[in-house]
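To start, the structure itself, in structure tokens.
The numbers here are math on the coordinates, done by the rules we state, and not lab data. Here the structure is a predicted model, which means the values were calculated and not measured. Here the Cβ is made from the backbone with ideal geometry for all residues, glycine too, and neighbour counts use every protein chain on show.
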Amino acid sequence: MHAWEVVIGLEIHAQLATKSKIFSGAATAYGAPPNTQACLVDLAYPGVLPVLNAEAVRMAVKFGLAIGAKIAERSVFARKNYFYPDLPKGYQISQYEEPIVGRGALEIVLDDGASRRVGITRAHLEEDAGKSLHEGLANASGIDLNRAGTPLLEIVSEPDMRSAKEAVAYMKKVHTLVRYLEICDGNMQEGSFRCDANVSVRPRGRDKFGTRAEIKNLNSFRFVEKAIQHEFARQIELIESGGRVVQETRLYDSDKDETRPMRSKEEANDYRYFPDPDLLPLQIDRAFVDSVRVTLPELPEQKAARFAAELQLSAYDAGVLSASREIGDYFEAVVAAVGAPQAKLAANWVMGELSSALNRDKLEIGGARVGPRALGGLLQRIVDGTISGKIAKEVFEAMWGQGREADAVIAAKGLRQITDGGAIAKVIEEVIAANPRQLADYRAGNDKLFRFFAGQIMRATGGKANPAQLNELLKAKLDGD
Amino acid sequence: MLHNRSIGELAAILDRREASSVELTRHFLARIEALNPALNAMISVTGAQALLEAAVADRRRGAGETGPLLGIPLIHKDIFCTDGVRTSCGSRMLDNFVAPYDATVVARLKAAGAVMLGKANMDEFAMGSSNETSFYGPVRNPWDLARVPGGSSGGSAAAVAARLAPFATATDTGGSIRQPAALTGVTGVKPTYGRVSRYGMIAFASSLDQAGIIARSAADAATVLQAMAGFDPRDSTSVDTPVPDYGSALGAPLKGLRIGLLKEFSDGLEPRNAALIAAALEVFRSLGAATLEASLPSLPLSVPTYYVVAPAECSSNLSRFDGVRFGYRCENPRDLLDLYKRSRGEGFGAEVKRRIMTGTYVLSAGYFDAYYLQAQKARQLITDEFRAAFGRVDLLLGPTTPTPAFAIGAKIDDPVTMYLNDIYTIGANLAGLPALSMPGGFIDELPMGVQLIGPHFAEGRLLNAAHQYQLATDWHDRVARGYC
């Protein structure tokens, strides 16, 4: 595979989180019974007209600003004409030659820590189609037009990615961003965030791109990776066996892990784009753009940079903790409770215990059974020496299961750390007295036996002895007497 | 007779309780019953509903309400959606379509208390200049039943000319109000594009379509326009600019008004038509207006430009008629493609298919630049020339049509000759300008129209000029024999 390089560009469709549709007042909520969220405009009844949803425009502008793109002062809605039962008007309203968002870029960080800039050619507004339903109907197809007219932002990248992993990293980056901006719920199972991948291959070192195939409707990060890998291999094999890649639309079959061409009729379409005469060109003035700009939240890079600078976190930790707005908010609430000097401790716990508990129970951070203030309270008990880090994990588990505060768990289970030097010294004396042979060996030079004594003492205190004090007193006792 | 009264006189009769709206409605319904079979101006007559609406209007008036259209009967062109009433658009495709909502125009006139008598015949999907393309058969001209009334609002024009209603709604995409108004001897007003909402008006060519009025006089049209006009949040192309009081504009003297005669209109005009235009100019001069020459060098491009733009838009607008959700569906479709092909093939008539094919062609890859883009450039050129002309004149005047009404069947097999009938009216649509046609004399005992075109939103000026002309002439009061 060394001789070949894959070139990838993605067209991401992000469903905008507006309450109503892009050209009608019907609701956009997912999962309603078929055709209950389709009004006369969505059904394309004779005489109806589209009216643009200003909220969808605001969201598109928000995205454009977040990727540093130029917002077009004038953009145009065009009709893409084709017949299909789930396309009631016989055309889709989209933006063609004059999109609302111009050229921008995003920085992606790869697994090896290297970063790469992925250019974004454009982003434009368009309406989604309905759905054709084939299951459970004998000799018939059903049409559900609830989704018809749902606003989409189509985000078109440059062919800047050179591996399936890069493509996934870019898609994840966009996914994070649209959720940060609160313009898309990012739900991939429901199809709120999906993409088409343009894939071509070329001999490594050559400038000219190969002929590309477009893989349609990839709705998970894993499918994007697998579909691209498969397509990469397919194209190489095709070329090496003397064939040629043809420009076509392909579908990824996740069950068979292969791509295959869509019907050829589809390719023969001439969409006859022309400006939609029912909608005037969209004019966006500076004041509107400024009014959107002030609503921009702190973006992932900005948050990570702040975590690194203000809380002295490593770049890696800062990146993980800013990966989503929810994680960042949770982490900051823990820090607020435990104090900024303990940010590293907070980071370790959020990325460690909390994260594994969430994974284990398949929960999102919003559903965490230990809230950030409660976690902060627990960490406070480590900081003030009430419990050790080890005991804290036990307390955390109890908090998670029972929804109690750290102090209540500590009190109920008697887990308070023994910090009374006299009490610890007494246990040390007892343990040494009970193990004379080991004492002799230690004093003869077998240093490893220090850990044996420490372990015995911990066990005797039920793990509650303050580890630092224990070490200090034990050392003094063993070496001194 | 009630049917020869103006809208203002009818409202006064209702106010004085000399007649009720129910009586008025019965009178016009009786005329429709007696006279329409020969004219075929109506697709649907909604008598029972009309009498209910009239009774409501009478109650409103009885409760102290008044209004210039309260209780006045009208006919809607069958292109406007009417809640619970078949809205066919003159097509087999929508023969079974009962609209589930009212067009904004219908809703506004309903709110004003106007009483709908029924729905007027029209060329199929408003595509035609003779009303011969209707699925419901041709409409006949009251002045000569062997002749066409013009189109596409032929039913509306014939109905008003035959005094089947005081007024009718109509639409104008390339002359569809003005041309039939001219050929039937009535007054037809096409407002500025965006002045009247298109919501609920079945689209032919969205950037050209405009709702308007066919009435007996400019004064009546002003009353109706007052109720129809205004911004509609459901139509993005409707314009949010205040609606002036058209009635109060009707009193202004014409002294100092500059009226331009378009060179491109007068060149090659049939001598008798030219004489009518000269006479109309003379009337305006006698009223104190100044007349001068004007020229729009690109105007001859308007017909070819129109026959690219309008079909392009119609080819897309009519895609929704696919047999899936409403309207005509073929019997026993084999598969999806068969459903599409036969539903559309059987549901649409020849002229509609011709325009869909033309429009599909001009938008196709490889032809788009040569046709659609060129047409857009020509359209811009024509618009710019109109704007420049209105820097020197206040109104433009010319003929509405090249000839009077022609015989049914004379041009239907020759689309290009038919299309040339719109040669004087299309320019105003391309530029979005308000225009009207008013009766201006006769050729071979058939009525002819004089057209006035104004700058954007100058409906008041146009209506006043026509009104002053109608005070000085009586062409608009002539009624075809048998319809007095």
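What to note about this one:
- Reciprocal mean inverse distance between Cα atoms of segment A:421-480 - Kirkwood radius, Å: 11.3 Å
- For chain B, adding -39500 (n - 2.57) for each run of n ≥ 4 DSSP H residues and dividing by the number of residues yields -11500 deg cm²/dmol at 222 nm.
- Antiparallel bridges, percent of DSSP beta bridges restricted to chain B (to nearest 5): 70 percent
- Percentage, to the nearest whole number, of Cα pairs in chain B over 39 Å apart: 16 percent
- Distant-in-sequence amide H partners of A:M161 (H built 1.01 Å from N, under 5 Å): A:I8
- Peptide ranges B:100-112, B:50-62 listed from the most packed, as the mean C-beta count within 10 angstrom indicates: B:100-112, B:50-62
- Amide H contacts of B:M116: B:L74, each under 5 Å away and 5 or more positions distant or on a separate chain (H built 1.01 Å from N in the peptide plane; Pro and chain starts excluded).
- Among A:R360, B:R195, B:R5, a tally of other beta-carbon atoms within 10 Å of each Cβ gives an order, fewest to most, of A:R360, B:R5, B:R195.
- Computed magnitude of the charge dipole of chain A (debye, nearest 20; Cβ of K, R +1, Cβ of D, E -1): 700 debye
- Cα-based reach from A:K80 at 23 Å (exclusive), listing lysines while leaving out same-chain residues under 8 positions away: A:K21, A:K89, A:K131, A:K216, A:K265, B:K341, B:K353, B:K377
- Ordering A:L280, A:T419, A:V76 by the projection of their Cα atoms onto the charge dipole of chain A, which places +1 on the Cβ of Lys and Arg and -1 on the Cβ of Asp and Glu, puts A:T419 at the extreme positive end.
- Calculated P(r) tail over 44 Å for chain A, as whole % of Cα pairs: 34 percent
- Long hydrophobic helices in chain B, taken as whole DSSP H segments with a C-alpha length of 24 Å or more on their own axis and mean Kyte-Doolittle hydropathy at least -1.0: B:21-39.
- Relative exposure of A:K226, A:K21, A:K475, A:K362, judged by other C-beta atoms within 10 Å (fewest first): A:K362, A:K475, A:K226, A:K21
- Signed unit charges on C-beta, dipole axis of the protein assembly as shown, positive-most listed residue B:T187, B:G327, B:L117: B:G327
- Note on segment B:300-377: Cα-only Rg and Dmax are 14.6, 48 Å.
- Taking 1.002 mPa s as the viscosity and 20 °C as the temperature, the Stokes-Einstein diffusion coefficient of the protein assembly as shown based on its alpha-carbon Kirkwood radius rounds to 65 µm²/s.
- Taking every alpha-carbon pair under 8 Å whose residues sit at least 6 apart, segment B:253-321 reaches a relative contact order of 44 percent.
- Efficiency of FRET between A:A233 and A:E135 - r from beta-carbon atoms, R0 51 angstrom, step 0.05: 0.95
- Remark: the Cα gyration tensor places segment A:37-175 in the oblate category, a/c being 1.5 or greater and a/b not exceeding b/c.
- Helical contribution to [θ] at 222 nm, DSSP H n ≥ 4, -39,500 (n - 2.57), averaged over chain A, rounded to 500: -12000 deg cm²/dmol
- Under 5 Å, built H, 5+ apart or other chain: amide partners of B:S130: B:G151
- Net dipole in debye of chain B [+1 Lys, Arg Cβ; -1 Asp, Glu Cβ; about Cα centre; nearest 20]: 420 debye
- Residue-wise HN-Hα coupling along segment B:248-265, computed from phi with Karplus coefficients 6.51, -1.76, 1.60 (Hz; x: Gly, Pro): 6, 6, 6, x, 5, x, 8, 4, x, 5, 9, 10, x, 9, 6, 4, 5, 7
- Pairwise centroid distance, computed over Cα atoms, of segment A:269-289 with segment A:420-473, Å: 79 Å
- Distance from segment B:282-312 to segment B:127-173 (C-alpha centre basis), Å: 24 Å
- Distance histogram in 10 Å bins (all Cα pairs of segment A:313-444, percent per bin): 12, 36, 25, 14, 11, 2
- Net dipole in debye of the protein assembly as shown [+1 Lys, Arg Cβ; -1 Asp, Glu Cβ; about Cα centre; nearest 20]: 660 debye
- Neighbour-count order for A:V174, B:V189, B:V45, fewest beta carbons within 10 angstrom listed first: B:V45, A:V174, B:V189
- Within straight-line cross-link reach of A:K475, lysines at Cα separation under 23 Å, skipping those fewer than 8 residues along the same chain: A:K390, A:K426, A:K448, A:K464
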